[in-house]
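The values are calculated or read from the model by the stated rules, or taken from the named source; none is laboratory data. Remember, it's a predicted structure, so these values are computed and weren't measured experimentally. Don't worry about glycine lacking a Cβ; one is built from the backbone with ideal geometry, like all the others, and counts go over all protein chains shown.
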Amino acid sequence: MLALLTAAVGASPSAVKGQHLPPASPPTRTSPAGYDQPGHNRDQARLLAMRLLAEAWLPPAATGMLVPTNGPLGQPQTTFADVNLIDLSAAYEATMRTFLFQEELARQAPPGTSYSGGGTLSGPGTPDVYSLAFAPRQLPSFAEAAQLVYSYYGYGPKTLIRIDSEVVWRPFRGQATKLPARLTRALVRSVPQSSPTSLRPQSISLGPGSELGALVSAVNSEPAAPPGFVPCAAIQQMITVSFYAGTRRLAQLTQYVGCVDFNLRLDGRSILLQASPTLGVLQRLLRS
């Protein structure tokens, strides 16, 4: 069975007990080390990917094989396009018709996960390749996304299977990325981004004893968001927040309402953060 992503991942790989351990092989792709300070999130994501792959379900008597580098299983059928991706792969051969394998695989979805399938219909002489991807509905804080992808096709009475365990890890957020405690004032501005609209421009000044503390706490609680992973809905307004210590501006937040993240400029650095608690505080301020 698939391991749930909410399971503990601090154990060493040797402590993981899966019924079918994949053959030892290096990952097919790993993310660059651009956010490796101190690498905790990336290390946790790798342990999680290893655990998912080790506990992936396989039919009885499946035998390991080298992970293909080309051909129908040269790559997973679905994958995350993200620079912070860890992708660990294994491949197997099972004496089982493909439709029976697919039916049994769908029954192995554990509680707390959802699955989606697809396929690539090929021409004469080329096998049709199918896929089934399992994804958790809840993720640990160090992961932006995760899935276990089965790619497979029929080979006579057998099924050839490729399994990819993919985890997108959030950049580690150290103390240098957080707003300092010495802030004394914040200026919140909201500007409509669509026309026509019922929204109007707004400007709110926050000082000591106001919602400044709640806003700073919300910003500092947000996990980092990987570059390039920015789903957005219809954008209706842009909110900017300038943070001051006395008369000096120390940081600026830019939030396009409709996107799941925001940009924080702090000490000359641009930091992408998730926008959940922060957006809630900002919307409450602008409604009051």
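Key figures
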item: Leading residue by the ranking (surrounded by the most Cβ atoms within 10 Å (Cβ to Cβ)) among those in segment 43-74 that are out of contact with any strand residue (DSSP E or B) (no Cβ under 8 Å at 6 or more places or on another chain) and under 21 Å from residue 158 (Cβ atoms); result: 57
item: Count - residues of segment 264-288 that are touching a strand residue (DSSP E or B) at 6+ places or on another chain (Cβ under 7 Å) and part of a strand (DSSP E or B); result: 8
item: Some residue of segment 242-252 being without any contact (Cβ under 8 Å) to a residue 60 or more places away in the chain and aliphatic (A, V, I, L, M); result: no
item: Residues of segment 134-152 classified as surrounded by 21 or more Cβ atoms within 10 Å (Cβ to Cβ) and either more than 28 Å from residue 264 (Cα to Cα) or of a type in the set (Lys, Arg) (or both), total; result: 8
item: Unmet requirement for residue 164, which otherwise passes all of (1) of a type in the set (D, E, K, R); (2) in contact with a Leu (Cβ under 9 Å, 6 or more places away or on another chain); (3) not assigned by TED's automatic domain parsing to the domain that holds residue 143; result: (3)
item: Any hit, segment 164-176, residues being of a type in the set (Ser, Thr, Tyr), touching a residue at least 24 places away in the same chain (Cβ under 8 Å) and out of contact with any helix residue (DSSP H, G or I) (no Cβ under 6 Å at 6 or more places or on another chain); result: no
item: Matching residues, segment 49-66, being part of a loop (DSSP other than H, G, I, E, B) and not hydrophobic (A, V, I, L, M, F, W, C); result: 55, 59, 60
item: Unique residue being surrounded by 14 or more Cβ atoms within 10 Å (Cβ to Cβ), more than 27 Å from residue 168 (Cβ to Cβ) and not small (Gly, Ala, Ser) when the list is 273, 264, 279, 187; result: 187
item: Residue within segment 27-48 that is part of a helix (DSSP H, G or I), more than 19 Å from the chain's Cα centre (by Cα) and at pLDDT below 95 present; result: no
item: Residue 181 on the phi < 0 side of the Ramachandran plot and either touching a Leu at 6+ places or on another chain (Cβ under 8 Å) or part of a loop (DSSP other than H, G, I, E, B) (or both); result: yes
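The rows are residues; the columns are (1) assigned to a loop (DSSP other than H, G, I, E, B); (2) outside the structural domain of residue 183 (by TED's automatic domain parsing); (3) more than 13 Å from residue 276 (Cα to Cα).
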{"site": "204", "(1), (2), (3)": "no, no, yes"}
{"site": "209", "(1), (2), (3)": "yes, no, yes"}
{"site": "214", "(1), (2), (3)": "no, no, yes"}
{"site": "236", "(1), (2), (3)": "no, no, yes"}
{"site": "239", "(1), (2), (3)": "no, no, yes"}
{"site": "252", "(1), (2), (3)": "no, no, yes"}
{"site": "262", "(1), (2), (3)": "no, no, no"}
